[in-house]
Amino acid sequence: MTAITAIQGEPDPTGSDCVSCGQCCFHGPNTVHLLEPDEARMGEPLLTTWTFLDSRPPRWRFLKNTGERCAALDTTTPGQFPCALYEVRPDDCRIVEPGSPACLEARRLGHLGKSVLFLRVQSSP
Ligand code: SF4
Ligand code: SF4
């Protein structure tokens, strides 16, 4: 995995550093999956634009990737990494809170690491 420049130190817990960081949004494909509440929050056509259904069982829906980052990470402005889906981003993204172990690992590695634990169970019907 190609890493972007690691960032030293802990971020502001309010998330004010996130747009200038973006490290946790660098990860391999089939990383950020969506459950039913995520799909309902995002709605169409955003689901069509930014997600896909994996053809392999259990056919999870994932965010699309662009290379080694989430496709929804806007990299058009150097040094800025805003999320195109911020208000409706999946719960997997919300789990990585600023200053959490997964956040600090991502900042150290330059990409999301193995410490993040995404829930892999279907929500109740
Ligand atoms: S790694 Fe931490 S500081 Fe950086 S964008 Fe993610 S949550 Fe924010
Ligand atoms: S949806 Fe937004 S917060 Fe989640 S991985 Fe993609 S760019 Fe990052």
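The values are calculated or read from the model by the stated rules, or taken from the named source; none is laboratory data. Predicted model only: the values in this text are computed from it and were never measured. Virtual Cβ from ideal backbone geometry, glycine too; neighbours counted across all protein chains shown.
Odds and ends about this structure:
- Restricting the stretch 76-87 to residues that are in a loop (DSSP other than H, G, I, E, B) and in contact (Cβ under 8 Å) with a residue 24 or more places away in the chain, the residue that is farthest from ligand 2 (Cβ to nearest atom): GLY79
- Flag for GLU97 being more than 13 Å from ligand 2 (Cβ to nearest atom), among the acidic types (Asp, Glu) and either part of a loop (DSSP other than H, G, I, E, B) or surrounded by 17 or more Cβ atoms within 10 Å (Cβ to Cβ) (or both): no
- All positions within the stretch 1-47 that are loosely packed, with under 15 Cβ neighbours inside 10 Å and under 12 Å from the mean Cα position of the chain (by Cα): GLY28, ASN30
- Output for the stretch 70-98, where each listed residue is at pLDDT 95 or above and small (Gly, Ala, Ser): ALA71, ALA72, ALA84
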